[in-house]
Amino acid sequence: MAGKTKVVLTDYVWESVDVERKILGADVELVPLQTKKPEEFITEAADCIALLNTYAGPITADVMAKMPKCKIIARYGIGVDTIDLEAATAAGIIVTNNPSYCIEEVAEHTMALLLSAARKITFYDRQVRAGTWAVPPGKPMFRLAGSTLGLVGFGNISRAVAVRAAAFGMKVLYSDPFVKQGQFDVPGTKVELNDLLKQSDYVSLHAPLMPQTKKMMNDETFGIMKPKAVLINCGRGPLIDTDALVRALDAKKISGCAVDTTDPEPLPNPHPLRNRENVIINPHAAWYSEQAMVGLQEGAPNEVRRVLSGEWPINVVNKAVKGKSRAGL
């Protein structure tokens, strides 16, 4: 392997790394690992030129300091909350993500959770499996058309949800400090977050996980929501204060929740959120489809290939690194 460019893959959730090897080419030594924490991959990554990353982290300034040759950290997914972006910029390391591989999937999954909660699909399924064939146990239910969906964050996925919700006859509100009313040609009226929480029958979280948004759904914000409202989360688990969610459900401050991501993840067993009839929990599956898997696996290694070829990558998160990166780009 002498003379080859070293690329380390911290962790992955697919069967093989043949796609990565094909994209990176024969002149690259790919070292695929299955790690969860930096201390498990840093020995191998100490002399890497690029780091491919799925979930392992957090990747802090200290970790980056131990990778003096690293030019790029390429995330397979959308979120970059496990990477210290300021530290990466200061170190001259380009950070990329993969913002478009699962937009349709997560939007569809959000609507699936919303519909399942509204029509008590999973509840009735459990009832029938247990031998009960009856409608009354699921009461009350309310017509979806005419109800209000509040979208917290109005990025690509959230806007795709807005289009789908409007097709069901729902009124769409959104709260996003970075989006102006009418900026995008999709359904939705911009409101302040508290107004959204007060008015919405369904609240769906699509904000990025940042210090300002961590545990944004807490005792205070749950107290603003309608008692009949349902919380949906296909974003990041830590957007919700899990203990506060349990308290809100216990106190009937909200009527239920449907979540694809949790904090912690996975939820321990037993846990107060498990085995509740008004709670739907999925195992972080919203991103997945066969088509999305192709886009997921190709995105990060293609960004690494571009940097190694002297090109500026497509999906750079820390744009301020341009002109002062270790890659000379």
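The values are calculated or read from the model by the stated rules, or taken from the named source; none is laboratory data. Just so we're clear, the structure is a prediction, and the values are computed from it rather than from any experiment. Please note: Cβ atoms are built from the backbone with ideal geometry, for glycine as well, and neighbour counts cover all protein chains shown.
Figures for the structure shown
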{"quantity": "Candidates Lys171, Lys198 - the one that is in contact with a strand residue (DSSP E or B) (Cβ under 6 Å, 6 or more places away or on another chain) and charged (D, E, K, R)", "calculated": "Lys171"}
{"quantity": "Residues satisfying the stated conditions in region 130-162, i.e. farther than 18 Å from Ala117 by Cα and not in a loop (DSSP other than H, G, I, E, B)", "calculated": "Val152, Asn156, Ile157, Ser158, Arg159, Ala160"}
{"quantity": "Region 61-116 - residue that is acidic (Asp, Glu) and part of a loop (DSSP other than H, G, I, E, B) and, of those, surrounded by the fewest Cβ atoms within 10 Å (Cβ to Cβ)", "calculated": "Asp81"}
{"quantity": "Test: residue in region 170-190 that is farther than 20 Å from Ala107 by Cα and either in contact with an Asp or Glu (Cβ under 9 Å, 6 or more places away or on another chain) or in the same structural domain as Pro58 (by TED's automatic domain parsing) (or both)", "calculated": "no"}
{"quantity": "Residue among Val19, Val8 that alone is in contact with a Leu (Cβ under 7 Å, 6 or more places away or on another chain) and either modelled with pLDDT under 95 or surrounded by 13 or more Cβ atoms within 10 Å (Cβ to Cβ) (or both)", "calculated": "Val8"}
{"quantity": "Candidate set: region 250-274, residues that are acidic (Asp, Glu) and in a loop (DSSP other than H, G, I, E, B); chosen: the one surrounded by the most Cβ atoms within 10 Å (Cβ to Cβ)", "calculated": "Asp260"}
{"quantity": "Residue that is surrounded by the fewest Cβ atoms within 10 Å (Cβ to Cβ) [pool: residues in region 117-141 that are touching a residue at least 60 places away in the same chain (Cβ under 8 Å) and under 29 Å from Gly295 (Cβ atoms)]", "calculated": "Thr122"}
{"quantity": "Residue within region 23-32 that is assigned to a strand (DSSP E or B), of a type in the set (D, E, K, R) and over 30 Å from Ser204 (Cβ atoms) present", "calculated": "yes"}
{"quantity": "Flag if Tyr55 is of a type outside the set (Asp, Glu) and modelled with pLDDT under 95", "calculated": "yes"}
{"quantity": "Residue match in region 270-287 (condition: of a type in the set (Asp, Glu) and not assigned by TED's automatic domain parsing to the domain that holds Thr110)", "calculated": "no"}
{"quantity": "Test set (1) surrounded by fewer than 17 Cβ atoms within 10 Å (Cβ to Cβ); (2) touching a Pro at 6+ places or on another chain (Cβ under 8 Å); (3) more than 21 Å from Val279 (Cα to Cα) - Leu209 fails condition number", "calculated": "(1)"}
{"quantity": "Count of region 57-77 residues which are closer than 23 Å to Arg236 by Cα and in contact (Cβ under 8 Å) with a residue 60 or more places away in the chain", "calculated": "4"}
{"quantity": "Residues within region 184-226 that are in contact with a Lys or Arg (Cβ under 7 Å, 6 or more places away or on another chain) and more than 23 Å from Phe142 (Cβ to Cβ), tallied", "calculated": "4"}
